[in-house]
Ligand SMILES: [Zn+2]
Ligand SMILES: [Zn+2]
């Protein structure tokens, strides 16, 4: 079989055995053995990560390529013949494709080693949830000596054959928050004796949206989302406590700080208006992913004729590849994986599928990143 066929086989084999973040034991064993089959010795990082060096036949840069490894807590409903064999876990984001593409790249490059420098293969656990696996690899020295680093994400919003790339901000600061409201509970028929935490929670949800509409400058992309609201036990009791959780997405640190300050003020003062209290807990997640201008321009030039480059808008999602780009020059690319008929479920859906033509294409997209102009 050719490497083009192998990359499809790798993806299907990995798709059968999805594992959650930092539990990718079987996945690592698979990757480890495949790299060994290519004559590569891997270095283990933590319980489930690994990296390996593949030297070319002449001197040159050390270039890192990264694939994330984790699946999601979902029960697969695609009906594919190679569906997940692990109950309640699914590769629904496409990380199986990323691993297969990087393995395919290693296989293709190992055939004749006809490239300069060294390719550092980075298999990283746990992208889906902060704190993520990227920092573990970096702390373990996986980026030591690396000159440039590249990564990609298969992208259901783009058709197969096209790619999204942009210099500068590409993905957002992805943070989470909790607001705990403490009032005074009581009988549903005697509101005068209470401080209704559910009412206050509702006011806070509404007031938080004024941060985006009245505090953040109109041309600054930002999102405040309240994802959950919990309070109360039954219909005729006024709730003593309520809890909101949500996420904040921004690109600049200034905007992030502004939103945290405003959230704190709005939560505390809205509660104070009703003689109750509210407490904000804010946890920073992955930092914004900022693509390096020079590497984006060079990669784009090399991809000419291979894929249609779309000048995409920044995505408000989070991605821990951002950490690598804080340490090393490089770029991250969205690689279209939607079938031409556009029938595709979104990432993180139990119906998520991808057009497998993206797999050999992904190998070539990364190979061009590591080849000099
Ligand atoms: Zn995902
Ligand atoms: Zn993903």
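The values are calculated or read from the model by the stated rules, or taken from the named source; none is laboratory data. The shown structure was predicted, so the numbers you read here are calculated from the model rather than taken from an experiment. Virtual Cβ from ideal backbone geometry, glycine too; neighbours counted across all protein chains shown.
Assorted remarks:
- Scanning the stretch 354-367 for residues that are within 16 Å of ligand 1 (Cβ to nearest atom) and either closer than 29 Å to residue 139 by Cα or surrounded by fewer than 20 Cβ atoms within 10 Å (Cβ to Cβ) (or both) turns up nothing.
- Here residue 66 fulfils each of the conditions (1) within 16 Å of ligand 2 (Cβ to nearest atom); (2) more than 22 Å from residue 141 (Cα to Cα) apart from (2).
- The test for being on the phi < 0 side of the Ramachandran plot, assigned by TED's automatic domain parsing to the domain that holds residue 306 and within 16 Å of ligand 1 (Cβ to nearest atom) does not hold for residue 86.
- Residues that are away from ligand 2 (no atom under 13 Å from the Cβ), over 18 Å from residue 344 (Cβ atoms), assigned to a helix (DSSP H, G or I) and out of contact with any strand residue (DSSP E or B) (no Cβ under 8 Å at 6 or more places or on another chain) do not occur anywhere in the stretch 77-93.
- Scanning the stretch 94-101 for residues that are more than 17 Å from the chain's Cα centre (by Cα), more than 16 Å from ligand 1 (Cβ to nearest atom), in the same structural domain as residue 132 (by TED's automatic domain parsing) and assigned to a loop (DSSP other than H, G, I, E, B) turns up nothing.
- Meeting the requirement of 2 or more residues that are closer than 21 Å to residue 146 by Cβ and touching a residue at least 40 places away in the same chain (Cβ under 8 Å), the strands (runs of 3 or more DSSP E) wholly within the stretch 267-349 are 289-291, 330-338.
- One residue stands out among those in the stretch 234-260 that are in a helix (DSSP H, G or I) and in contact with a strand residue (DSSP E or B) (Cβ under 7 Å, 6 or more places away or on another chain): the one that is surrounded by the fewest Cβ atoms within 10 Å (Cβ to Cβ), which is 260.
- Test set (1) more than 30 Å from residue 253 (Cβ to Cβ); (2) crowded, with 21+ Cβ neighbours inside 10 Å; (3) in the same structural domain as residue 136 (by TED's automatic domain parsing); (4) in contact with a helix residue (DSSP H, G or I) (Cβ under 9 Å, 6 or more places away or on another chain) - residue 276 fails condition number: (3)
- Out of 336, 318, one residue alone is closer than 20 Å to residue 126 by Cβ and either surrounded by 17 or more Cβ atoms within 10 Å (Cβ to Cβ) or more than 15 Å from ligand 1 (Cβ to nearest atom) (or both). It is 318.
- Search result, residues across the stretch 124-138 that are assigned to a loop (DSSP other than H, G, I, E, B) and either away from ligand 2 (no atom under 13 Å from the Cβ) or outside the structural domain of residue 321 (by TED's automatic domain parsing) (or both): 130, 131
- Residue in the stretch 89-98 that is touching a residue at least 60 places away in the same chain (Cβ under 8 Å) and over 25 Å from residue 357 (Cβ atoms) present: yes
- For residue 178: the one exception among (1) surrounded by fewer than 20 Cβ atoms within 10 Å (Cβ to Cβ); (2) over 22 Å from residue 334 (Cα atoms); (3) assigned by TED's automatic domain parsing to the domain that holds residue 346; (4) away from ligand 1 (no atom under 16 Å from the Cβ): (3)
- Residue 199 passes every criterion in (1) surrounded by 17 or more Cβ atoms within 10 Å (Cβ to Cβ); (2) under 30 Å from residue 302 (Cβ atoms) apart from (2).
- Qualifying residue in the stretch 42-62 (condition: within 13 Å of ligand 2 (Cβ to nearest atom), part of a loop (DSSP other than H, G, I, E, B) and surrounded by 19 or more Cβ atoms within 10 Å (Cβ to Cβ)): no
- In the stretch 113-120, the condition of being assigned by TED's automatic domain parsing to the domain that holds residue 321, within 26 Å of the chain's Cα centre (by Cα) and either assigned to a helix (DSSP H, G or I) or within 16 Å of ligand 1 (Cβ to nearest atom) (or both) is met by no residue.
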